[in-house]
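Structure first, commentary second.
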Amino acid sequence: MKEITLIAIGSSTGGTDALAKILPFLRPPMPPIVIVQHIPAGFSKMFADRMNNESVLTVKEGEHGEVIKPNWVYIAPGGLHMNLRKFGDNLQINCFMGPPVHSCRPAVDILFNSVAELVGGSALGVILTGIGHDGTAGLLAMKSKGSPALGQDEATSVVYGMPKSAFDAGAVDTQVALPQMALAITSMVHKRNGRI
């Protein structure tokens with residue numbers, strides 16, 4: 001099994017509350033975390049700042065051209081797609097307008113597809129509460145490269161749309177109740193990275 005060098009999370013309706021129950025409970029050492037939450041422009045920075053105040057990890061709104069670092073969390077800017085691109089030996093955030101995908105911008109699939117292409121089986125995918133099926137195709141692409149994936153369970157999802165779609169498509173390895181998601185993420189990283 002490959003080490004996990006990146007965590008990619010997608011969420012929509014109910015996702016800000018879900019993330020608020022996950023991010024403050026993650027502790028270093030943790031690989032870089034990139035997040036697409038369906039959120040309007042202007043609200044993503046306020047949310048990132050609030051999460052930063054409540055978390056041990058550094059949480060911020062992703063900025064175009066920024067090189068991602070361990071123990072940092074990058075939330076896609078509202079109204080812009082966010083994916084990753086190679087920058088030498090590093091990965092860099094790429095923010096752009098582009099047409100909406102699944103009527104969403106940012107779209108989870110845009111991020112997940114770039115993670116599948118650039119990180120292969122060394123990423124961990126997480127799909128949280130939300131309407132629709134954004135993230136399913138990208139999570140399948142990540143899984144095809146060997147990445148493990150966690151999905152929020154029906155009982156704790158505000159809307160069991162995105163996690164159900166991904167689970168039904170075979171993209172999710174394990175369904176996890178929200179109160180246990182931070183522990184599940186931590187355990188997966190420690191297991192893969194030899195810290196248990």
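The values are calculated or read from the model by the stated rules, or taken from the named source; none is laboratory data. Keep in mind that this is a model prediction, so the values were computed, not measured. Positions of Cβ are backbone-derived with ideal geometry, glycine not excepted, and every protein chain shown enters the neighbour counts. SASA here: full protein model, heavy atoms, side chains in, ligands and nucleic acids out. Shrake-Rupley method; radii C 1.70, N 1.55, O 1.52, S 1.80 Å.
What number of residues within the range 144-168 are out of contact with any Leu (no Cβ under 6 Å at 6 or more places or on another chain) and under 20 Å from Gly132 (Cβ atoms)? Summing the residues that are out of contact with any Leu (no Cβ under 6 Å at 6 or more places or on another chain) and under 20 Å from Gly132 (Cβ atoms) in the range 144-168 gives 16. Counting only strands (runs of 3 or more DSSP E) that sit completely within the range 56-105, those holding 3 or more residues that are open to solvent by less than 30 Å² (accessible area, probe 1.4 Å), under 21 Å from Met142 (Cα atoms) and touching a residue at least 24 places away in the same chain (Cβ under 8 Å) correspond to 72-75, 81-87, 90-96. Would you please name the residue that is farthest from Ser122 (Cα to Cα), looking only at residues in the range 160-196 that are of a type in the set (Val, Ile, Thr), at pLDDT 95 or above and surrounded by fewer than 18 Cβ atoms within 10 Å (Cβ to Cβ)? Checking each candidate, the answer is Thr174.
Go through the residues of the range 31-53 one by one and say whether even a single one is open to solvent by 70 Å² or more (accessible area, probe 1.4 Å), without any contact (Cβ under 8 Å) to a residue 24 or more places away in the chain, under 23 Å from Val159 (Cβ atoms) and not charged (D, E, K, R). Looking through the range 31-53, at least one residue is open to solvent by 70 Å² or more (accessible area, probe 1.4 Å), without any contact (Cβ under 8 Å) to a residue 24 or more places away in the chain, under 23 Å from Val159 (Cβ atoms) and not charged (D, E, K, R). If I ask for residues that are modelled with pLDDT under 95 and acidic (Asp, Glu), which ones from the range 33-60 would you list? Scanning the range 33-60 gives no hits.
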